Amino acid sequence: MLHMNIIAAIFACSLQYCLAGDIIIDSKDDECRSIPSCTSCLTNNVCTWCVAKSLCTKQLCGNDNVIYPQQVPALMSGPDFCPRIASDDIVTYASGKREILVVKLAEIYLFMAFTPWKCKIQINNQENVVPAILIGESVYCESFEMKNNSEEPYVKGNVKVLWNYNKAFDGSLSFKVCRCDLQPNCIACNKKVEK
């Protein structure tokens with residue numbers, strides 16, 4: 001009987017060892033799971049950010065890169081380690097022209113580089129997803145026609161960067177699209193074309 005208890009204990013320990021780090025708690029019991037961004041996640045003292053899973057949780061992340069809240073003494077703690085859009089400049093484009101949007105990023109982890117990249121562009125209350133490519137620290141969104149469909153001289157939009165199909169970097173890059181017929185002094189309308 002003693003041998004059976006020892007075998008059962010060894011089995012239970014090995015099972016726990018195999019599952020250690022895997023997310024096994026019901027997501028309804030993990031309030032951190034509802035937090036969509038790394039920066040927001042780390043404001044909660046009990047939450048950590050699993051980078052490869054792009055997931056906020058109070059559970060272990062397994063063999064994933066983990067970012068801890070600022071007050072935790074760890075190699076990667078605080079929002080400075082969050083994958084995020086680094087630029088906050090607002091660029092202005094002329095309506096009706098195709099543009100390649102360039103988005104500078106911070107904290108690109110090596111494994112991200114080998115996944116598909118996309119840009120989610122929101123303008124005129126519409127969302128468009130276009131392919132993108134990572135070169136260095138910037139993502140280049142496929143050429144996209146910037147169009148101001150409103151009767152206003154300017155319309156605002158933004159672009160978010162997605163890696164591995166649907167995992168988003170924190171933040172977005174804002175831009176404006178001006179109609180040159182309504183706002184001839186718009187900086188994008190007055191750019192000289194080089195021959």
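Overview of results
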read-out	value
Cα-centred dipole magnitude for region 20-81, charges only on beta-carbon of K, R (+1) and D, E (-1), debye, nearest 20	80 debye
Cα→Cβ-extended label distance, 7 Å offset, between Glu152 and Ser40, nm	2.3 nm
Approximate spin-label separation Val102-Thr115, in nm, with each point projected 7 Å along Cα-to-Cβ	2.5 nm
Span from the region 146-185 Cα centroid across to the region 58-132 one, whole angstrom	17 Å
Per-residue ³J(HN,Hα) for region 118-127, Karplus 6.51 cos²θ - 1.76 cosθ + 1.60, θ = phi - 60°, Hz, x for Gly and Pro	9, 10, 9, 9, 10, 7, 6, 6, 10, 10
Protection proxy ranking of 146-152, 176-182 - average other beta-carbon atoms within 10 Å, highest first	176-182, 146-152
Whether region 84-178 is rounded, prolate or oblate, judged on the alpha carbon gyration tensor where a/c under 1.5 counts as rounded	prolate
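Throughout, read-outs are computed from the coordinates displayed, never taken from laboratory work. Note that this is a predicted model, so its numbers are computed, not measured. Here the Cβ is made from the backbone with ideal geometry for all residues, glycine too, and neighbour counts use every protein chain on show.
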